[in-house]
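Right, one structure below, let's go through it.
The values are calculated or read from the model by the stated rules, or taken from the named source; none is laboratory data. In this text, all values refer to a predicted model and were calculated from it rather than measured experimentally. Heads up, the Cβs are rebuilt from the backbone with ideal geometry, glycines too, and the neighbour counts pull from every protein chain shown. Ligands, DNA and RNA are excluded from the accessible area calculation, which covers all protein heavy atoms including side chains. Shrake-Rupley method; radii C 1.70, N 1.55, O 1.52, S 1.80 Å.
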Amino acid sequence: QVQLVESGGGLVQAGGSLRLSCAASGSFFSPATMGWYRQARGKQRELVTIITSGRSTNYADSVKGRFTISRDNAKSTVYLQMNSLKPEDTAVYYCNLNAGFNRDYWGQGTQVTVSS
């Protein structure tokens, strides 16, 4: 069984930065694709960014150049560095681990609020 625990959310002013962390338990971390998703109030959950086991990355257009995903396999942790935050980045951010073969897991989410 895999558990994902996010941390690092909070309240920040526009233009500020936050760093989210997602620590994974279990044995699927290294070969898994890790992702960050977010869901704003009244909206559907959307992909923010992913990082593969080979460290290839992909970003939503809305966060390119501002957000950076990274992973530390030794710590089974994925990070999301968020810079130049905007009020429209306000959402609950969820960590996802996908190791294939229906092994798809979600964290509980962490709130990020950006004030204008």
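Things worth noting here:
- Average accessible area per residue (Å²) across the chain - probe 1.4 Å, nucleic acids and ligands excluded: 53 Å²
- Rounded to the nearest 0.05, the FRET efficiency derived from the C-beta distance between ASN102 and ALA40 at R0 = 25 Å is 0.35.
- Segment 91-116 residues near the modelled ALA60 label - backbone nitrogen below 13 Å, point 7 Å along Cα→Cβ: 91-95, 112
- Peptides 52-62, 84-94 ordered by average Cβ neighbours within 10 Å, highest first: 84-94, 52-62
- Extended-chain gain in nm, criterion 0.36 nm per residue less alpha-carbon gap, ARG19 and GLU88: 23.2 nm
- Computed E for GLN1/ASN73 - FRET, C-beta separation, R0 25 angstrom, nearest 0.05: 0.85
- Solvent-accessible area assigned to carbon and sulfur over the chain amounts to 46 percent, based on a 1.4 Å probe.
- Set of aspartates and glutamates near LYS43 by C-alpha distance (under 18 Å), chain-local residues within fewer than 8 positions excluded: ASP61, GLU88, ASP89
- Cα-derived Rg over Rh, computed across the chain with Rh taken as Kirkwood radius: 0.95
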